[in-house]
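Before any comments, here is the structure.
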Amino acid sequence: MPSTVSRPGRSEEATIRIGALAPLTRPGWVQAGRHLLAGLELAASEINGAGGVAGKPLELVVRDTAADPKKAVAAVDELARLGVVALAGEYHSVVARAAATRADELGVPFLCSSAVLDRLTEQSTKWVARLAPPQSRGWQIYADFLSRAGHHRIAVASQQSVYWASGAHILRDHVHSRGGSLSEISMSSLDPSSLCDKLVDHRATVLLLLVGDPEPAISIVKSVRNDRRLATIKIGAPAGQPEFAEWATLLGEDSAAIPFLRYRPEHLSALGSYVQRALREKLGEAPSFVALEGYDTIAVLADAMRSHGIERNSIAESWPRLRVEGTRGKIQFFRTPGAAVWQWTAAPIQIVERTPGNPAQFRILHAT
């Protein structure tokens, strides 16, 4: 039985409801939301095809967050009233933080799939766990990668957001500790051509895109690539904008040679390879790591319910006891120093870029 959106009149006792949060409309990153939901749905469908959990099928009750924290909080409230046993998903960090805070207040377990903001809740909670690595871990690895490549004068084009501000802070501290410099250029009142003038003035060797996708990220890349004064500048995107096919479609050859973070191992296991093939068929395109995160989210929740029961409290109490074989490695949750939520600490991290001359392909530049 495939996973479904809830419909009026369905018995709460007939299915095990899981609330699924994802950005499915603008201004959310729609392609990320679509991949995330595809992974959630595929895992639920396969679990249901194998008999479900405790003899009951899983039912995904999907809500669109549209990158809006207020919509996320309202969705959590509604899903809690509908009797979901757990919440899953979300891509945007600021939205996930709002959802996690509300889930903690209501006592609903939330397994966050993709958001990386270090502090998903202000205080320690048993109710929230996360698959994606914290932003500080991934972005420090990215800063080290730039340093090893000889980039010590870094410019950041940024927009106003807690997520972008957090990323800029992580990069600045790490770059400064290694003797480099980082200049932050706000895009709130600049157009891409004016940004090019500032990059010339800063004499930066690399420009990092801490901005939304597709815009203004696409326009910035086009402007920089077409400015002869900036022929040698490297463009980077630690937030992962080039991961999705839309990037290559909109930019063509200009989409290549822009390093970004992605969260998958260098080589997938047999399970990961199978899921990747199934997701490719479902999506009609190569699945991103976000789709794999979605699949792993439901796999973890199903394992928690099989081994510890389908009550909310039982699921929340299970995080430190789980050992789940996911698409990207064995998933276990720990309390890391300073963390407020349960964290998969071994989540894989790569730095990759689309291959010059063949932007449909990726080449790995660094892997943990």
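The values are calculated or read from the model by the stated rules, or taken from the named source; none is laboratory data. Computed from a predicted model, the values in this text were never measured in an experiment. Cβ: placed from backbone, ideal geometry, glycine included. Neighbour counts: every protein chain shown. Surface accessibility is based on the protein's heavy atoms, side chains included, excluding ligands, DNA and RNA. Shrake-Rupley method; radii C 1.70, N 1.55, O 1.52, S 1.80 Å.
Name the residues in the stretch 253-273 that are within 17 Å of LEU292 (Cα to Cα), of a type outside the set (D, E, K, R) and either open to solvent by 10 Å² or more (accessible area, probe 1.4 Å) or part of a loop (DSSP other than H, G, I, E, B) (or both), would you?
TYR263, PRO265, HIS267, LEU268, SER269, ALA270, LEU271, SER273
Tell me, please, whether a residue that is surrounded by fewer than 18 Cβ atoms within 10 Å (Cβ to Cβ), closer than 23 Å to HIS92 by Cβ and either at pLDDT below 95 or in contact with a Cys (Cβ under 9 Å, 6 or more places away or on another chain) (or both) can be found in the stretch 186-204. Outline the logic, then answer.
So the first thing to find is which residues in the stretch 186-204 are surrounded by fewer than 18 Cβ atoms within 10 Å (Cβ to Cβ), and the list is 186, 188-191, 193-194, 197-198, 200-203.
Still in the running and closer than 23 Å to HIS92 by Cβ: 186, 188.
Adding the requirement that they be either at pLDDT below 95 or in contact with a Cys (Cβ under 9 Å, 6 or more places away or on another chain) (or both) leaves 188.
Yes, the conditions are met somewhere in the stretch 186-204.
Residues being under 21 Å from the mean Cα position of the chain (by Cα), part of a helix (DSSP H, G or I) and of a type in the set (A, V, I, L, M, F, W, C): count how many of those fall in the stretch 228-249.
Final tally of qualifying residues: 3.
Please go through the stretch 90-117 and give me each residue that is surrounded by 21 or more Cβ atoms within 10 Å (Cβ to Cβ) and either in a loop (DSSP other than H, G, I, E, B) or touching a Gly at 6+ places or on another chain (Cβ under 7 Å) (or both), ordered by number.
Scanning the stretch 90-117 gives GLU90, TYR91, HIS92, VAL108, PRO109, SER113, SER114, ALA115, VAL116, LEU117.
Taking the stated definitions as given, is ALA239 among the small types (Gly, Ala, Ser), touching a Ser or Thr at 6+ places or on another chain (Cβ under 9 Å), modelled with pLDDT of 95 or more and within 17 Å of ASP213 (Cα to Cα)?
Values: among the small types (Gly, Ala, Ser): yes; touching a Ser or Thr at 6+ places or on another chain (Cβ under 9 Å): no; modelled with pLDDT of 95 or more: yes; within 17 Å of ASP213 (Cα to Cα): yes.
So ALA239 fails the test.
Matching residues to (1) within 18 Å of GLU266 (Cβ to Cβ); (2) touching a residue at least 60 places away in the same chain (Cβ under 8 Å); (3) out of contact with any Leu (no Cβ under 6 Å at 6 or more places or on another chain); (4) open to solvent by less than 50 Å² (accessible area, probe 1.4 Å):
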site: ALA299; (1), (2), (3), (4): no, yes, yes, yes
site: MET305; (1), (2), (3), (4): no, yes, yes, yes
site: GLU317; (1), (2), (3), (4): no, yes, yes, no
site: GLU325; (1), (2), (3), (4): yes, no, yes, no
site: PRO359; (1), (2), (3), (4): no, yes, yes, yes
site: ARG363; (1), (2), (3), (4): yes, no, yes, no
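Exactly one of these conditions fails for LEU250: (1) crowded, with 18+ Cβ neighbours inside 10 Å; (2) among the aliphatic types (A, V, I, L, M); (3) closer than 30 Å to THR297 by Cβ. Give me its number.
For LEU250, the failing item is (1).
Hey, could you check the stretch 155-181 for residues that are under 20 Å from ARG203 (Cβ atoms) and not in a helix (DSSP H, G or I) and say which is most open to solvent (accessible area, probe 1.4 Å)? Don't jump to the end; show me each part of the working.
At the first step, the residues of the stretch 155-181 found to be under 20 Å from ARG203 (Cβ atoms) are 155-158, 168, 171-172, 175-176, 178-181.
Within this subset, residues satisfying the condition of being not in a helix (DSSP H, G or I) are 155-158, 178-181.
Working: ALA155: 0, VAL156: 0, ALA157: 0, SER158: 6, ARG178: 115, GLY179: 69, GLY180: 15, SER181: 42 Å².
The selected residue is ARG178.
Any residue in the stretch 229-243 that's within 14 Å of PHE145 (Cβ to Cβ): show its pairings with residues that are small (Gly, Ala, Ser) and open to solvent by 10 Å² or more (accessible area, probe 1.4 Å) at Cβ separation under 6 Å, as long as the two are six or more apart or on different chains.
Partner pairs satisfying both residue conditions: none exist.
Is it true that VAL76 is crowded, with 18+ Cβ neighbours inside 10 Å, part of a helix (DSSP H, G or I) and in contact with a Lys or Arg (Cβ under 7 Å, 6 or more places away or on another chain)?
Numbers: crowded, with 18+ Cβ neighbours inside 10 Å: yes; part of a helix (DSSP H, G or I): yes; in contact with a Lys or Arg (Cβ under 7 Å, 6 or more places away or on another chain): yes.
In short, yes.
Which residue is most open to solvent (accessible area, probe 1.4 Å), if the candidates are limited to the stretch 123-154 and must be of a type in the set (D, E, K, R) and over 14 Å from SER93 (Cα atoms)? Walk me through it before giving the result.
Step one: filter the stretch 123-154 for residues of a type in the set (D, E, K, R), giving 126, 130, 137, 144, 148, 153.
Checking the rest, the ones that are also over 14 Å from SER93 (Cα atoms) come to 126, 137, 144, 148, 153.
Working: LYS126: 65, ARG137: 74, ASP144: 41, ARG148: 149, ARG153: 94 Å².
Top of the filtered list is ARG148.
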